[in-house]
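Chemist: Once you've had a glance at the structure underneath, I'll fire off some questions.
The values are calculated or read from the model by the stated rules, or taken from the named source; none is laboratory data. Predicted model, so just to flag it, every value in this text is computed and none were measured. Note that we place each Cβ from the backbone using ideal geometry, even for glycine, and neighbour counts take in every protein chain shown. Accessible surface is based on the protein model in full, side chains and every heavy atom, while ligands, DNA and RNA are left aside. Shrake-Rupley method; radii C 1.70, N 1.55, O 1.52, S 1.80 Å.
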Amino acid sequence: MKSYIKRGVIFLAASLVVFCVLFVLIQTDVINAYYSQILMVICINIILALSTNLIINYTGQLTLGHSAFMAIGAYASAFIQMNTGLPFFLSLLCGSVVAAVFGFLIGLPTLRLKGDYLAITTLGFCQIVVVAIQNIDALGGAQGLAGIPPKTTFAWVFFSMIATIAILYNIVHANQGRAMISVREDEIAAEAMGIDTTRYKIMSFTTGAFFAGYAGGLYAFLMMFIDPNSFNFLKSIDFVIYVVLGGTGGFVGCIASTSILTLLPEVLRFLGDLRMVIYPLLLIVIMILRVKNIRVTSFLRRKSGAAKPKERGEDHAAA
Amino acid sequence: MPLLDIENITIKFGGLTAVSDFSISMEENDLFGLIGPNGAGKTTVFNMLTGVYAPTSGKIVFNGESIQGIQPHQITKKKISRTFQNIRLMKNLSVMDNIKVSYAYQAHYSLVSSIFRLPSYFRQEEEIEKKSLDLLKIFGLLELKNEKACNLPYGQQRRLEIARALATQPKLLLLDEPAAGMNPQETQNLMDLIQWIRREFKIAILLIEHDMKLVMGVCENIVVLDYGKIIAQGPPDEIKTNKKVIEAYLGEEAADA
C-alpha cells in the first residue's frame with residue numbers, strides 16, 4: 001500500500017510538472033496556437049488509444065469499431081450541452097455514459113464471437129452508427145453539427161488524460177484486470193478457474209466505450225464542429241495502429257506511440273504532396289523495427305528505469 | 001451421502017454416443033482413476049463434469065446439488081477444479097499471477113474500489129498475495145514466482161497447473177493425464193505429490209491417466225471405459241486381472257492366452 005501511494009504521488013507530481021511546463025510554453029507563445037491544438041489532439045488520442053488498449057491488448061478482443069463510441073460520446077455531449085446548457089463536465093459525463101450504455105448493449109451479443117468475427121461485427125456497428133447519425137436531422141445529418149461552444153481547454157484535456165491513465169492503470173492492476181488478462185491468455189483455462197469470461201469482456205468493452213465517449217466529447221468541444229464521416233472505421237483503425245505499435249500491454253508504449261503517430265503527419269507537412277507517401281513508409285519502417293524487438297517501450301524503459309511509475313511488473317508484488 | 005454422484009449420464013454428438021450410462025459415486029477424500037484406450041470418452045466425462053458439455057441425459061449431483069448443464073465458471077464455484085491434458089497455463093503471466101488468477105473469483109471488491117483504491121482493495125489484495133505465496137511455497141515454486149510460466153520446465157508447469165487448480169479451493173480435483181510427457185523420475189515425484197495433496201488438502205481426486213504404474217500405484221479404485229461404456233470398476237488388483245480390461249487394451253486373443 002505504501003509503495004502504491006509513493007508511486008501515485010510521484011506520478012501526480014511528474015504530471016503536474018509536465019503540465020506547468022507546457023502551460024507556460026503555451027501562454028508565452030513558444031508553442032503557438034497551431035501546435036497547442038495538436039497537443040490537445042494528442043491528449044485526446046491518448047485517452048482513446050488507452051481505452052482501445054484495454055480491450056485489445058489486455059482483454060484480447062479485437063475491436064474495429066471504437067470510433068463509433070467516440071462519435072456517440074461526441075454527439076451526445078454536444079447535443080445535450082447545446083440543448084440544455086448543462087455544465088461542460090456534466091455534459092461530457094452524460095456523453096460518456098451514453099457511449100458506455102451503447103458499449104454494453106453491443107458487447108452483450110457480439111462478445112460471444114471471437115477474433116475476426118468480433119472485428120467484423122464491431123466494424124459493422126461502426127458503420128451503422130455513422131449512417132444513423134447522417135440520417136438524424138436533429139444532429140445535423142450528413143452536414144455535421146456546428147456551433148458547439150469552444151469549452152475544451154488544455155487543462156481540461158491534460159487532466160482528463162491523467163485521470164484516464166490513473167483509472168485504467170488501477171483497473172488493470174486489480175482483480176478485474178487480472179481476470180481480463182486471463183481471458184486474453186486462455187479463455188478456457190480462465191473459465192476453469194472460476195472467471196466469468198463474458199462478464200469481464202463486457203466490463204472491459206463498456207469501460208473502453210466510456211472513455212472513448214469522454215474523449216469524443218472533448219474532441220467535439222475542441223473542434224466546435226463534428227461530422228459523421230470523421231468517425232468512420234478508418235478512425236478506429238488509427239487507434240488499432242497506436243495500440244499495435246505500443247506493444248503488448250504497456251501504458252508507456254501506448255502513450256509514446258500515440259504521441260509520435262499523431263505528431264508525425266503534422267511534422268511532415270513541409271513535404272507537401274509527398275507527405276502521404278512518406279508517412280506510410282515511415283509507419284512500415286517503424287513496424288518492422290518493432291517486430292525486431294526495438295520496441296518503443298523497451299527503449300523508454302531502458303532510458304529511465306525508476307522515473308516511470310506507470311510500468312508493469314514490479315507493481316503486483318508491491319500492491 | 002456421497003460427494004459426487006453421477007447417475008447414468010449419456011452424451012450424444014449427432015449420431016455418435018460418446019459416453020453412455022456412465023455412473024460412479026465418490027466419497028470425500030476418495031482417489032479414483034479413470035482409464036481406457038484412446039477415444040474411450042474419458043476426457044468427455046471430465047468435460048461433462050466441468051460444464052464444458054451438458055450431458056444429453058442423466059444426473060450429476062455434487063455436494064448435494066445437481067450441477068449438470070451449468071457453466072464451467074459456475075462449476076468451479078461449486079468446488080470442482082481441473083487441470084488440462086495439454087497444459088493450459090497463462091503463458092505470458094508470471095507464476096505468481098497464474099496463481100492469483102485462481103483467487104480472482106474469491107475476491108469480492110468492486111470495480112469502484114479498484115478504481116479509487118478503497119481499503120477493501122488493499123485488504124483483499126494483501127490476502128490474495130499471502131495465500132498465493134503460501135501455496136507457491138508448499139509447492140516449491142517460490143523462487144520461480146516472477147518467472148514467466150512458459151519458461152518453466154515441463155514438470156514444473158504441471159506442478160504449477162495443479163497448484164493453480166488447488167487455489168480455487170476445490171473439494172474434487174480432476175487431473176487430466178497429469179503424467180503425460182513425463183520421464184519415470186518425474187512420474188514418481190508426481191505420484192508422491194498426488195498422495196500428498198490428498199492427505200494435506202483432504203480432497204477427492206479423480207484422474208485420467210495412461211501411465212499404468214501411476215494409476216495402479218496411487219488409485220484405490222479404478223474405472224475402465226471402452227467405447228463410452230464402463231467395462232470394469234474396482235481396486236487395482238482386480239482390474240489388472242480383469243479379462244474385459246485386457247481385451248480392451250490388448251485384443252481378444254491376448255485375453256484368452
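Chemist: Can you pull a Stokes-Einstein diffusion coefficient for segment B:151-257 at 4 °C (1.567 mPa s), Rh from Kirkwood over Cα pairs, as a whole number of µm²/s?
Modeler: Once the numbers are plugged in, D ends up at 85 µm²/s.
Chemist: Between B:Asn63 and A:Val131, what is the FRET efficiency for a Förster distance of 41 Å, r being their Cβ-Cβ separation, to the nearest 0.05?
Modeler: Working from the Cβ atoms, E equals 0.20.
Chemist: I need two numbers for segment A:32-234: Rg to one decimal and Dmax as a whole number, Cα atoms only, in Å.
Modeler: 16.9, 56
Chemist: Under the rule of -39500 (n - 2.57) per DSSP H run of 4 or more residues, summed and divided by the residues of chain B, what mean residue ellipticity at 222 nm is obtained, to the nearest 500 deg cm²/dmol?
Modeler: -12000 deg cm²/dmol
Chemist: Let me ask another. Within chain B, what's the longest run with no chymotrypsin sites (Phe, Trp or Tyr not before Pro) in a DSSP loop and at most 15 other beta-carbon atoms within 10 Å? Give the range, please.
Modeler: B:1-115
Chemist: Using unit Cβ charges (K, R positive; D, E negative) and no other charged atoms, how large, in debye to the nearest 20, is the dipole of chain A about its Cα centre?
Modeler: Computed charge dipole of chain A: roughly 880 debye.
Chemist: In addition: Could you size up the charge dipole of chain B around its Cα centre, putting +1 on the beta carbon of Lys and Arg and -1 on that of Asp and Glu, and report it in debye to the nearest 20?
Modeler: Here chain B has a charge dipole of around 1020 debye.
Chemist: Here's something else I'd like to know. In segment B:184-257, what GluC sites (Glu not before Pro) fall in a loop by DSSP, with at most 16 other Cβ atoms inside 10 Å?
Modeler: For GluC sites (Glu not before Pro) across segment B:184-257 that sit outside H, G, I, E and B with at most 16 neighbouring Cβ atoms in 10 Å, the list reads B:Glu220.
Chemist: Taking chain A as a Gaussian network, Cα atoms linked when under 10 Å apart, which of A:Tyr219, A:Tyr117, A:Tyr200 shows the biggest mean-square fluctuation?
Modeler: A:Tyr117
Chemist: Quick one: of the DSSP bridges fully inside segment B:107-257, what percent are antiparallel, nearest 5?
Modeler: Antiparallel: roughly 50 percent of the beta bridges in segment B:107-257.
Chemist: Counting DSSP beta bridges with both partners in chain B, what percentage is antiparallel, nearest 5?
Modeler: Antiparallel bridges: around 55 percent, rounded to the nearest 5.
Chemist: Simple spin-label model, 7 Å along Cα-to-Cβ: B:Ala54 to A:Thr84 in nm?
Modeler: 4.2 nm
Chemist: Also, I was wondering about something else. Anyone know which of A:Gly272, A:Gly107, A:Gly246 comes out most mobile in the 10 Å Cα GNM of chain A?
Modeler: Of the options given, A:Gly272 has the highest mean-square fluctuation.
Chemist: Give me the accessible area of B:Cys150, 1.4 Å probe, in Å² rounded to the nearest 10.
Modeler: 60 Å²
Chemist: Additional query: Nearest 500 deg cm²/dmol is fine: what mean residue ellipticity at 222 nm does chain A get from its DSSP H runs of n ≥ 4 alone, each adding -39,500 (n - 2.57), divided by its residue count?
Modeler: Result for chain A, helices only: -24500 deg cm²/dmol.
Chemist: Answer with one residue from B:Gly15, B:Tyr53, B:Met1: the one whose Cα lies farthest towards the positive end of the charge dipole of segment B:1-63, charges on Cβ with Lys, Arg +1 and Asp, Glu -1.
Modeler: B:Gly15
Chemist: Which of the lysines could be linked to B:Lys77 by a straight reach, that is with a Cα gap under 24 Å, when you skip same-chain ones fewer than 8 residues away?
Modeler: Reachable lysines: A:Lys201, B:Lys42, B:Lys59, B:Lys91, B:Lys100, B:Lys130, B:Lys131, B:Lys171, B:Lys202.
Chemist: Counting only DSSP beta bridges with both residues in the protein assembly as shown, what percent are antiparallel, rounded to the nearest 5?
Modeler: Antiparallel bridges: around 60 percent, rounded to the nearest 5.
Chemist: In terms of Cα to Cα distance under 24 Å, which lysines are near enough to A:Lys151, apart from those fewer than 8 places away along the same chain?
Modeler: A:Lys235
Chemist: Would you please give the residues with an amide H less than 5 Å from that of B:Ile222, counting only those at least 5 places away or on a separate chain, with H modeled from the backbone geometry?
Modeler: B:Gly33, B:Gly234
Chemist: Could you work out the relative contact order of chain B, using alpha carbon pairs under 8 angstrom and six or more residues apart, expressed as a whole percent?
Modeler: Rounded, it is 26 percent for chain B.
Chemist: Please name whichever of A:Gln127, A:Ile148, B:Ala104 sits farthest to the positive end of the charge dipole of the protein assembly as shown, dipole taken about the Cα centre and charges placed at Cβ: Lys and Arg +1, Asp and Glu -1.
Modeler: Going by the Cα projections, it comes out as A:Ile148.
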